[in-house]
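Below: one structure, written as structure tokens.
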Amino acid sequence: MAHLSENPADKERFICVYPVYINSKKTLAEGRRIPSEKAVENPSCAEIKDVLTAAGMNVYMENKMHPREWNREFRGRVRVQMKEADGSFCQEKFNSRKDVMFYVSEMIPKLKTRTQKSGGGDTSSQQGEGGKKSKKKKK
């Protein structure tokens, strides 16, 4: 992180990715920015950082909260360097913020932490969701 303090403009060029942007449990009004069918259920900052670091991007986490986020559980945001100092993109596959968000939402379900959880706790999570859905129908 020392390299960021050398040139203050470096940090300004990094884009912000909040977990709420790719959270399938959120509505567009609550801050989601991609279609819900492509979004991920409750992503964490650590997961976003892991995926982008593995993709070779220059990233770091900040202890900030999205303005529409009231739940402290989803605290944090990830800063991603999209462009080099000369204005060229760091990686050709990431030409926009949406490219980054779609990539992250595609890769998070493939993480080992996600695949291990779904093996054992899959049935219990489905039962929990089923209970929630039936409550909504009654209202």
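Which of the chymotrypsin sites (Phe, Trp or Tyr not before Pro) found in the stretch 23-96 are loop residues per DSSP with 13 or fewer other Cβ atoms within 10 Å of their Cβ?
Numbers: sites: Tyr60, Trp70, Phe74, Phe89, Phe94; in loops: Trp70, Phe94.
Of the chymotrypsin sites (Phe, Trp or Tyr not before Pro), the ones in loops of the stretch 23-96 whose Cβ has at most 13 other Cβ atoms within 10 Å are Trp70.
Neighbouring Cβ atoms within 10 Å as the yardstick, rank Ile108, Ile22, Ile34 fewest first. Please report the intermediate quantities before stating the final value.
Working: Ile108 22, Ile22 28, Ile34 19.
Going from least to most buried by this count: Ile34, Ile108, Ile22.
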If you take the charge dipole of the stretch 45-115 about its Cα centre, with +1 on Lys and Arg Cβ and -1 on Asp and Glu Cβ, which of Asn71, Leu52, Met82 is farthest toward its positive end?
Asn71
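None of the figures in this text is laboratory data; all of them are computed from the coordinates on show. Bear in mind the structure is a predicted one, so any value in this text is a computation, not a measurement. Cβ: placed from backbone, ideal geometry, glycine included. Neighbour counts: every protein chain shown.
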